[in-house]
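Following: one structure in structure tokens, then a few remarks.
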Amino acid sequence: MTIAVVRNSWSASQSGETTTAGAVAMTGQTGQLIAVLDNCLVTRLGWTKTAIAANVAAYKAPVGNGYYLYVDDSGTTTARIKGMEIAGGTTVQSQFGAFPNETQFNGGMYLWKSSTADASNRAYFFWGDTKTFHLFVYSTTFNNFYSFGDFISLRYPNAEAGSTYIIGGN
């Protein structure tokens, strides 16, 4: 199993670590979350990326249930995220199986990238594998945790198949 750990601008006095070589900056600019996920998921872990529109993409793990993480990174300080069974097209009508669905969370959950819309580099800590990833973003006014991927279900008859989850913000 491949595992990746990426630190960006992480204070050595806080964690004992420094920035990982090749880490991409997280800023309050359009498209920067997609750049970070491209680096962490696609380059380091072998996930596939489907570019849907400008600053909109879907990521799929190389193994597991095959669900997608849908990312709309057209905002500056935030991006919108949701899980999808099928991620194709730019409209809600061309997508299938969104979680959370539009009634639960219209447009998807928020992923806070930065407290300000500028090019200031924000610290983040990413760790993941070929089925799941976790992202902790630190900014001057908040700390946020996000996660997406598969877990082993205890529910029969799908105990072997597992289930997919997403953790985001509002």
With 0.36 nm assigned to each residue of separation and the Cα-Cα distance removed, residue 132 to residue 21 gains 37.8 nm
HN-Hα couplings for the range 27-34 via Karplus (6.51, -1.76, 1.60; θ = phi - 60°), in whole Hz with x for Gly/Pro, come out as 10, x, 10, 4, x, 6, 5, 4
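Quick check: residue separation of residue 116 and residue 142 times 0.36 nm, minus the Cα distance between them. What number comes out in nm?
Values: separation 26, 0.36 × 26 = 9.36 nm, distance 1.13 nm.
My answer for the length gained is 8.2 nm.
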Descending accessible area (1.4 Å probe), largest on the left, turns 166, 81 into 166, 81
Any lysines whose Cα falls less than 19 Å from that of residue 131, other than same-chain ones fewer than 8 residues away, would be 49, 60, 82
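The values are calculated or read from the model by the stated rules, or taken from the named source; none is laboratory data. Remember, it's a predicted structure, so these values are computed and weren't measured experimentally. SASA here: full protein model, heavy atoms, side chains in, ligands and nucleic acids out. Shrake-Rupley method; radii C 1.70, N 1.55, O 1.52, S 1.80 Å.
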